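A short worksheet on the structure shown next.
The values are calculated or read from the model by the stated rules, or taken from the named source; none is laboratory data. Computed from a predicted model, the values in this text were never measured in an experiment. All Cβ positions, even for glycine, are placed from backbone atoms using ideal geometry, and neighbour counts span all protein chains on display. Side chains included, ligands, DNA and RNA excluded: accessible areas come from the protein's heavy atoms. Shrake-Rupley method; radii C 1.70, N 1.55, O 1.52, S 1.80 Å.
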Amino acid sequence: MSDLRVAVLGVGIMGADHVARLTSRISGARVVVVNDYVTEKAEQIAAGIDGCRAIGDPLDAIADPEVDAVVLATPGPTHEKQLLACLEHGKPVLCEKPLTTDVATSLEVVKREAELGKRLIQVGFMRRFDHEYTQLKALLDSGDLGRALVLHCAHRNPTVPNGFDSAMVVRDSLVHEVDVTRFLFDEEIVSIQIIRPSANPGAPEGLADPQIAILRTASGRHVDVELFVTTGVAYEVRTEVVAEKGSAMIGLDVNLVRSRSDGTRGGQITPGFRERFGQAYDTEFQRWVDAVLAGVKGGDSATNYVDGPSAWDGYAAAAVCEAGVKSLNSGLPVEVAMVDRASITGA
Ligand code: ISE
């Protein structure tokens, strides 16, 4: 096969970004189909790309014989159906988080993929591809810091879209720290508590912001996360690991530090997650395209079309967030309910 022929479903801000990266920065792939519930938007994007068509029905786009692989940047509630269609047609898929919007359907997707005996689903937890996170992971794995004991995280957004509610702070924002914890510590999260400090007077009515999340891992490690999504400042994501023989921090995000004639010194903070994690998204997509092409080259015997977070990772994140939303309501620690991985994936 020459280039991987990709369908991008959902061309809102994130999906349109993915179309642009596949078209201009990623090698070995081209976008041949786009789909969106706003038909004109899909048609407009298709018109700007050689050999690209807009298809009105997402399931037709997945089934299209000219489509080798699929990117899902559609709203979460549509993922279950679309992922099952990808599995049914044997098409590799890179699915933006969430895998699905609840634990039961996420588990169903994991089971269906396992039954096929092929790894076709990758979940878009892009932070695993960010240079700073990969350096931190390599440092922890090297053993230089000894055993990691505590993880402190801050996740601050300048603003959130209209309609963003308290549960979305958990499912949309905290979900990244849930995945980062599992990635860095290589173990599951077993309990979560969400505390609501005094709300930011500038936050929309009813939005619990900031929130503090306290996670506990299977081996007893502690993780705390400050979530503050209406800071009005910029996009700030910091992560510090405290270990037996020292600590390490990423996300200071100062870039070029300038001294000014008024006696102040400072740098520029990235305005949003698309800028902060632009490199991570590009690396994620290139590695996904390479993995899918390698799988396709392997023919019928190939079983892997993924190079990154799996359907299981999407399910595990959904399970932690579901417990998090319960805790948001009660304020108490909630145990995370998850099935045993080996019973499903054999892993
Ligand atoms: C958004 O959906 C994301 O995925 C961003 O990475 C996160 O920082 C933001 O809080 C979410 O709303």
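Observations
- Number of residues in segment 129-157 that are more than 29 Å from Trp288 (Cβ to Cβ) and either within 12 Å of the ligand (Cβ to nearest atom) or outside any loop (DSSP other than H, G, I, E, B) (or both) equals 3.
- Qualifying residues in segment 114-128 (those that are more than 13 Å from the ligand (Cβ to nearest atom) and surrounded by 22 or more Cβ atoms within 10 Å (Cβ to Cβ)) - the one farthest from the chain's Cα centre (by Cα): Leu120
- Among residues of segment 225-262, those that are under 21 Å from the mean Cα position of the chain (by Cα) and among the β-branched types (Val, Ile, Thr), counted: 7
- Picking from residues in segment 158-175 that are within 11 Å of the ligand (Cβ to nearest atom) and open to solvent by 20 Å² or more (accessible area, probe 1.4 Å), the one that is farthest from Leu215 (Cα to Cα) is Pro161.
- Residues of segment 86-113 satisfying the condition of being open to solvent by less than 10 Å² (accessible area, probe 1.4 Å) and in contact with a Pro (Cβ under 9 Å, 6 or more places away or on another chain): Cys86, Thr100, Ser106
- Among the residues making up segment 158-171, those that are in contact (Cβ under 8 Å) with a residue 12 or more places away in the chain, outside any loop (DSSP other than H, G, I, E, B) and closer than 23 Å to Gly251 by Cβ are Val169, Val170, Arg171.
- Residues of segment 200-217 that turn out to be surrounded by fewer than 17 Cβ atoms within 10 Å (Cβ to Cβ) and either outside the structural domain of Phe183 (by the TED database) or over 15 Å from Ala323 (Cα atoms) (or both), as a count: 6
- Tyr305 satisfies every condition listed in (1) under 20 Å from Pro92 (Cα atoms); (2) over 16 Å from the mean Cα position of the chain (by Cα); (3) of a type outside the set (D, E, K, R); (4) open to solvent by 30 Å² or more (accessible area, probe 1.4 Å) except (4).
- Residues that are within 20 Å of Ala138 (Cβ to Cβ) and among the acidic types (Asp, Glu), drawn from segment 225-252: Glu240, Glu244
- Any chance Ala311 is hydrophobic (A, V, I, L, M, F, W, C), touching a residue at least 40 places away in the same chain (Cβ under 8 Å) and more than 30 Å from Val19 (Cβ to Cβ): no
- Members of segment 308-347 found to be polar (S, T, N, Q) and in contact with a strand residue (DSSP E or B) (Cβ under 6 Å, 6 or more places away or on another chain), listed by number: Ser327
- If you filter segment 276-297 down to residues that are modelled with pLDDT of 95 or more, farther than 16 Å from Val71 by Cα and open to solvent by 40 Å² or more (accessible area, probe 1.4 Å), you find that the one that is nearest to the ligand (Cβ to nearest atom) is Gln279.
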